[in-house]
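Student: Before I ask anything, let me first share the structure, which is written out below as structure tokens.
The values are calculated or read from the model by the stated rules, or taken from the named source; none is laboratory data. Since the model is a prediction, treat every value here as computed from it, not as a measurement. Cβ: placed from backbone, ideal geometry, glycine included. Neighbour counts: every protein chain shown.
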Amino acid sequence: MPGRVLHFPKPLISRSEIGDLVARVLATPRDERAARSSELKLEEPEVLLALCMRLRDLLDRAPAIARDDSDYLYRFLRTPERPIGLFDEREYFLGELALLAGTACRQLSRREEARLWFDRAEAGFRHTLNAVADLARLAYQRLALRMEERHIDAVLELVPSLVQSFDKCGLPQEALKARFLEALAWMESERLTEAVDAFREIAREAERIGSEKLLASAYGNLAHLHGMLGDPTHAMESSRLAIPILHRLGDRVALAKVQWGLATLLRETGQLVPAIEAYRTAQREFDDIGMRADVAALHLVIADLLLELQEDAAAMQSVLKALPVLQELNMVPEGMAALQLLRESLRDQRIDRAALRELHGYFEEIRG
């Protein structure tokens, strides 16, 4: 993890042994791990650190698995209280695992659960030597959650201070991630030209510091922005730059979002049938990695296009698939009025299109 120094009471486990242990831990059914904790060395700081790094990688590939394994390890360390390392390692790992679980919950749109995990992360990090940097990483995730809940003014107000904190901690990649939130806020508030300029600058800086993940994400958002602006040439060019990097990184979440952006481009250029197929491709990819909220959001977008094609019955079915998930996850508290109007129209065997568009509009930009 960024800037983390651990203190070990005995010689380090070899790198090859750590890699083998991590693979064995993750392959062992969760309900069998505690009984095999000595064999798996689950109380060794080196192994826990490698597990945290592996789970962080899984956030972009399989967020549901990352959430469940982070939850398990957090509870394993917490009860009974297990001595880890010489100093503050136990508190650090409790904070790190809670932060990982919360980040996964945020990606899965389990927002109330994410908030609880972020509170747990703060409780752990508060007692560590490296609290400033760790709490700044936590502040980023909380601000990302506020971005997804469309607290745009708060994001624009707080990002500069967060960037400054990361700069002081010597974490340039984390600072660039915070600037990413600012660009998303401009995108959501329809300041599209400013958002394009910001993502171009982020791409240049990401390339300079060697962050392929942020470089590809910036290109992916540029593709979506150019699609919204009806600029197919630049949209396709940005996608062409993003996709090979994301494939190399195995970032399935971002790849699905790029597919969403390409579908938006097709829609904006009037290619409705290909747009529906592209949205469904993105939908299948989100479904494969357990991102039910995005699957539901795309049901709404697809329903709108089906109405445009006068396929009202299919549109109705698409909306009916989305509504239970929207309600379960409480995804659009700011859109409750529109959600209620949409429900009422369905009872009359029709779709209130204005309400439908208001609802799916909430999901069009907040995808970074």
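Student: Look at THR193 and say whether it is among the β-branched types (Val, Ile, Thr), under 23 Å from GLU182 (Cβ atoms) and more than 16 Å from the chain's Cα centre (by Cα).
Tutor: Here the answer is yes, as THR193 does meet what is asked.
Student: Additional query: Looking at (1) assigned to a helix (DSSP H, G or I); (2) more than 21 Å from LEU356 (Cβ to Cβ), which one does GLN283 not meet, given that it meets all the others?
Tutor: Of the numbered conditions (1) assigned to a helix (DSSP H, G or I); (2) more than 21 Å from LEU356 (Cβ to Cβ), the odd one out for GLN283 is (2).
Student: Determine which single condition PHE118 fails, assuming it passes every other condition in (1) more than 24 Å from GLY170 (Cβ to Cβ); (2) surrounded by fewer than 23 Cβ atoms within 10 Å (Cβ to Cβ); (3) at pLDDT 95 or above.
Tutor: Failing condition for PHE118: (1).
So that you can scan it fast, the table gives a plain yes or no per residue for (1) of a type outside the set (Lys, Arg); (2) closer than 20 Å to TYR219 by Cα; (3) surrounded by 20 or more Cβ atoms within 10 Å (Cβ to Cβ); (4) more than 19 Å from the chain's Cα centre (by Cα):
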residue: PRO274; (1), (2), (3), (4): yes, no, no, yes
residue: ALA278; (1), (2), (3), (4): yes, yes, yes, yes
residue: VAL301; (1), (2), (3), (4): yes, no, yes, yes
residue: ASP312; (1), (2), (3), (4): yes, no, no, yes
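Student: Among the residues of segment 53-75, count how many are buried (at least 19 other Cβ atoms within 10 Å of the Cβ) and assigned to a helix (DSSP H, G or I).
Tutor: 10
Student: Among the residues of segment 328-368, count how many are loosely packed, with under 14 Cβ neighbours inside 10 Å and either within 26 Å of GLU190 (Cα to Cα) or at pLDDT 75 or above (or both).
Tutor: So the count comes out to 10.
Student: With LEU145, LEU176 as the choices, which residue is under 27 Å from ASP57 (Cβ atoms), touching a Ser or Thr at 6+ places or on another chain (Cβ under 7 Å), in a helix (DSSP H, G or I) and not polar (S, T, N, Q)?
Tutor: That would be LEU176, the only listed residue that is under 27 Å from ASP57 (Cβ atoms), touching a Ser or Thr at 6+ places or on another chain (Cβ under 7 Å), in a helix (DSSP H, G or I) and not polar (S, T, N, Q).
Student: Give the number of residues within segment 6-37 that are at pLDDT 90 or above and either touching a strand residue (DSSP E or B) at 6+ places or on another chain (Cβ under 6 Å) or of a type in the set (S, T, N, Q) (or both).
Tutor: Summing the residues that are at pLDDT 90 or above and either touching a strand residue (DSSP E or B) at 6+ places or on another chain (Cβ under 6 Å) or of a type in the set (S, T, N, Q) (or both) in segment 6-37 gives 2.
Student: What residue, of GLU149, GLU174, is touching a Pro at 6+ places or on another chain (Cβ under 9 Å), surrounded by fewer than 19 Cβ atoms within 10 Å (Cβ to Cβ) and in contact (Cβ under 8 Å) with a residue 60 or more places away in the chain?
Tutor: When all the criteria are applied, what remains is GLU149.
Student: Those residues that are over 22 Å from LEU241 (Cα atoms) and out of contact with any Asp or Glu (no Cβ under 6 Å at 6 or more places or on another chain), I need them from segment 183-212; list them, please.
Tutor: Selection gives ALA185, SER189, GLU190, ARG191.
Student: If you don't mind, another one. From (1) touching a residue at least 24 places away in the same chain (Cβ under 8 Å); (2) farther than 29 Å from GLU285 by Cβ; (3) buried (at least 18 other Cβ atoms within 10 Å of the Cβ), pick out the condition that doesn't hold for PRO83.
Tutor: The one condition PRO83 does not meet is (3).
Student: Out of all the residues in segment 211-238, which are assigned to a helix (DSSP H, G or I) and more than 20 Å from LEU181 (Cα to Cα)?
Tutor: PRO232, THR233, HIS234, ALA235, MET236, GLU237
Student: Give the residues of segment 148-165 that are closer than 18 Å to ARG111 by Cα and assigned to a helix (DSSP H, G or I), sorted by residue number.
Tutor: Listed by number, the residues that qualify are GLU148, ILE152, ALA154, VAL155.
Student: A further question on this structure: Taking interchain pairs and intrachain pairs at least six residues apart, which have beta carbon atoms under 7 angstrom, with the first residue in segment 199-213 and buried (at least 16 other Cβ atoms within 10 Å of the Cβ) and the second of a type in the set (Lys, Arg)?
Tutor: ILE202/ARG179
Student: Next question, about the same structure. Test LEU158 against the stated conditions and say whether it is assigned by TED's automatic domain parsing to the domain that holds ARG56 and either touching a helix residue (DSSP H, G or I) at 6+ places or on another chain (Cβ under 7 Å) or under 30 Å from PRO83 (Cβ atoms) (or both).
Tutor: No, not satisfied.
Student: Further question on the same structure: Considering (1) buried (at least 19 other Cβ atoms within 10 Å of the Cβ); (2) under 22 Å from SER109 (Cα atoms), say which one LEU48 fails and leave the rest.
Tutor: Evaluating LEU48 over (1) buried (at least 19 other Cβ atoms within 10 Å of the Cβ); (2) under 22 Å from SER109 (Cα atoms) leaves (2) as the failure.
Student: Moving on to the next point. Specify which of the listed residues (PHE180, PHE199, PHE166) is closer than 20 Å to ARG252 by Cα and of a type in the set (A, V, I, L, M, F, W, C).
Tutor: PHE180
Student: Okay, next question. Would it be correct to say that ILE65 is under 17 Å from the mean Cα position of the chain (by Cα) and on the phi < 0 side of the Ramachandran plot?
Tutor: Spelling it out, ILE65 is indeed under 17 Å from the mean Cα position of the chain (by Cα) and on the phi < 0 side of the Ramachandran plot.
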